[in-house]
Amino acid sequence: LVSQTDAEIDLKPPTPAKPRVPTMDALRERHERLRDQIVAGRRNAVERQHGLGKRTARERLELLLDEGSFVEIDMYRKHQAHGLRMEENKPHTDGVVTGAGTIHGRRVFVYAQDFAIFGGSLGEAHAAKIQKVLDLAISTGSPFIGVNDSGGARIQEGVMSLNGYGGIFQRFVQASGVIPLISVVLGPCAGGAAYSAALADFTFMVRDTAHLYLTGPDVVEAVTGERVTHGQLGGTEVHGEHSGVAAFVHDDEESCLDDVRYLVSMLPANNMESPPQGAPCGATADVRPRFAEIVPVDNSKPYDMREVIAELVDDGEFLETYERWAPNVICAFGRVDGHVVGVVANQPLVLAGVLDVPAPQKAARFVRFCDAFSIPLVTLVDVPGFLPGTDQERSGIIRHGAKLLYAYCEATVPRVQVILRKAYGGAYIVMDSRSIGTDVSLAWPTNEIAVMGAEGAVNVIYRKELAAAGDPAELRAKLVKEYSEKLAHPHYAAERGLVDDVIDPVQTRVAVARALEMLSDKRKPQPQRKHGNVPL
Ligand code: HXC
């Protein structure tokens with residue numbers, strides 16, 4: 001053994017001082033403090049958000065979800081971007097709060113963008129967080145709800161932001177028809193963010209604060225010279241009345257998020273489940289005299305079809321989609337004897353209920369949604385036809401009308417048709433007629449199913465006779481009467497099996513409830529194919 005000298009010992013590095021091990025309590029406290037800071041957000045940012053009349057992302061999730069049910073995922077996530085001073089600003093969450101929670105006790109996955117962080121813009125980490133919860137929503141078969149408040153692609157992260165959007169869109173499309181997809185727009189929803197709204201099954205917007213557009217007013221002015229406000233470019237009037245992007249428009253965030261909860265309460269969690277069943281309430285014996293009072297026998301007189309729907313559904317309660325877009329057709333969710341149904345109805349109060357370019361687009365999307373999620377369809381018919389004219393033809397009424405035709409032809413859910421009054425021509429076929437596969441067709445004694453109305457028909461088939469007649473008015477009246485008695489009488493279609501029953505109007509709720517009960521186990525296998533080619 002060689003003994004070490006003192007000098008040799010001094011040459012060795014000193015033994016490091018033993019680090020002080022923090023206590024568990026200290027670690028927990030530090031962790032708790034950080035969590036609290038993240039949850040509270042920067043005070044001035046929260047104040048700014050409130051000053052804009054908007055709630056923070058977390059406040060919105062509190063309103064949306066059952067109390068105390070939110071489980072957050074990825075709270076500590078930060079962006080990893082370099083340059084453009086991004087290293088100096090690396091906030092936790094990266095501008096989006098993500099996770100799961102419950103609505104009326106049923107699980108949903110959610111994200112809510114935080115405008116206080118980079119204007120809610122979407123960078124790589126932000127996108128990865130949304131993609132993670134979307135993947136979980138798909139794999140667990142849960143509805144997905146995105147609350148948007150965002151300036152779009154995060155400019156500082158360049159192509160990685162665009163890549164992030166692509167990954168979200170890809171997942172939206174994979175999830176379409178598998179889980180309900182809901183977008184809620186509560187602030188700007190610019191650029192790529194707008195496509196999350198367009199790809200969702202239902203998009204909600206709030207008046208004044210929500211703006212949805214591909215490019216903001218500054219870019220619009222730079223490119224086209226047009227000067228517009230945010231509202232004129234992408235407010236609720238644009239999307240709730242003209243473009244057909246926003247299915248629901250609300251005055252404030254609270255009523256908006258409350259209606260999201262109401263909508264979710266009527267939808268199945270995924271395409272393998274049935275819609276939530278309410279308690280039966282005796283609809284199969286519920287005679288309603290009001291039906292006969294609401295609808296005038298004179299088929300040229302208008303009435304509000306909403307009143308008919310209110311008589312049909314349980315407690316008079318229904319949730320109408322696209323209330324102001326294509327109001328000549330109504331699409332609404334309601335319940336009949338506890339069963340959730342999708343109601344499609346002509347609205348004689350608007351354009352006499354005629355089908356124009358937007359109407360079949362609205363109804364077709366609704367029918368396809370109901371079909372994808374096992375929601376039976378009830379179609380209330382009072383339709384004078386398709387709107388004729390060059391404007392309609394140029395705008396593609398044939399292509400758009402074909403969408404509704406396609407949607408009904410393809411639908412395998414239980415389908416009940418009720419013909420109240422007029423059902424003319426192509427519009428009769430398209431509104432879930434027997435020929436395109438309705439399961440049960442009911443008609444009121446006021447039904448008039450024909451190629452066209454009596455006056456028009458007589459003018460075409462007796463043109464020569466009318467031109468040669470001494471008193472054309474008298475002859476026309478006689479021919480109209482003859483036509484109506486022969487071809488448009490209440491039992492004409494029933495005698496040919498195109499209508500299954502002519503019912504007393506007061507029995508409508510009873511008959512529909514019984515038909516739905518009768519069809520509740522309907523199964524209809526589809527032919528094997530990759531997918532059809534729906535006219536888009
Ligand atoms: C990075 C952004 C941002 C963005 C806003 N911010 N948008 N940061 N990328 N896209 C930041 C601002 O710099 C600002 O930061 C903070 O968010 C708040 O923004 P303000 O402009 O002060 O707020 P406001 O006046 O309310 O206007 C909001 C806005 C406006 C209308 C959203 O910011 C805007 O026009 N942004 C750009 C919108 C846009 O054109 N996006 C398209 C991106 S392209 P500070 O630090 O000052 O608080 C895109 C393509 C994808 O998305 C296509 C996929 C198909």
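List of remarks:
- Single match in Ala246, Ala326 (criterion: small (Gly, Ala, Ser), out of contact with any Lys or Arg (no Cβ under 8 Å at 6 or more places or on another chain) and either under 19 Å from Ala197 (Cα atoms) or not in a strand (DSSP E or B) (or both)): Ala246
- Subset tally (residues that are within 18 Å of Gly119 (Cβ to Cβ) and crowded, with 18+ Cβ neighbours inside 10 Å) for segment 39-96: 15
- Odd one out for Phe70 among (1) within 20 Å of Asp149 (Cβ to Cβ); (2) hydrophobic (A, V, I, L, M, F, W, C); (3) in contact with a helix residue (DSSP H, G or I) (Cβ under 8 Å, 6 or more places away or on another chain); (4) at pLDDT below 95: (4)
- For segment 293-304, the count of residues that are assigned to a helix (DSSP H, G or I) and either modelled with pLDDT under 95 or farther than 12 Å from Asp337 by Cα (or both) is at least one.
- For segment 307-323, residues that are among the charged types (D, E, K, R), buried (at least 17 other Cβ atoms within 10 Å of the Cβ) and either touching a helix residue (DSSP H, G or I) at 6+ places or on another chain (Cβ under 7 Å) or in a helix (DSSP H, G or I) (or both) total 2.
- Just one of the listed residues (Ala100, Ala128, Ala116) is among the aliphatic types (A, V, I, L, M), more than 14 Å from Gly158 (Cα to Cα), touching a strand residue (DSSP E or B) at 6+ places or on another chain (Cβ under 8 Å) and in contact (Cβ under 8 Å) with a residue 40 or more places away in the chain, namely Ala100.
- Strands (runs of 3 or more DSSP E) wholly inside segment 125-217 that include at least 3 residues being closer than 27 Å to Ile375 by Cα and either within 11 Å of the ligand (Cβ to nearest atom) or among the aliphatic types (A, V, I, L, M) (or both): 181-190
- In segment 131-153, residue surrounded by the fewest Cβ atoms within 10 Å (Cβ to Cβ) [restricted to those that are under 23 Å from Gly234 (Cβ atoms) and in contact (Cβ under 8 Å) with a residue 40 or more places away in the chain]: Gly151
- Residue within segment 497-506 that is in contact with a helix residue (DSSP H, G or I) (Cβ under 7 Å, 6 or more places away or on another chain), among the charged types (D, E, K, R) and crowded, with 17+ Cβ neighbours inside 10 Å present: no
- When segment 357-367 is filtered for residues that are surrounded by fewer than 24 Cβ atoms within 10 Å (Cβ to Cβ) and in contact (Cβ under 8 Å) with a residue 60 or more places away in the chain, the ones remaining, listed by number, are Pro358, Gln361.
- Qualifying positions in segment 105-124 - of a type outside the set (Gly, Ala, Ser) and within 16 Å of the ligand (Cβ to nearest atom): Gln113, Asp114, Phe115, Ile117, Phe118, Leu122, Glu124
- Matching residues, segment 498-536, being of a type in the set (S, T, N, Q) and touching a residue at least 12 places away in the same chain (Cβ under 8 Å): Gln507, Thr508, Ser520, Gln526
- Any hit, segment 392-399, residues being under 30 Å from Pro143 (Cα atoms) and outside any strand (DSSP E or B): no
- Yes/no for Lys78 being within 16 Å of the ligand (Cβ to nearest atom), touching a Pro at 6+ places or on another chain (Cβ under 9 Å) and among the charged types (D, E, K, R): yes
- A count restricted to segment 186-200 and to residues that are touching a Gly at 6+ places or on another chain (Cβ under 9 Å) and either hydrophobic (A, V, I, L, M, F, W, C) or touching a residue at least 60 places away in the same chain (Cβ under 8 Å) (or both) stands at 9.
The values are calculated or read from the model by the stated rules, or taken from the named source; none is laboratory data. No experiment lies behind these values; they were computed from the predicted model shown. FYI the Cβ positions are ideal-geometry reconstructions off the backbone, even for glycines, and counts take in every protein chain you see.
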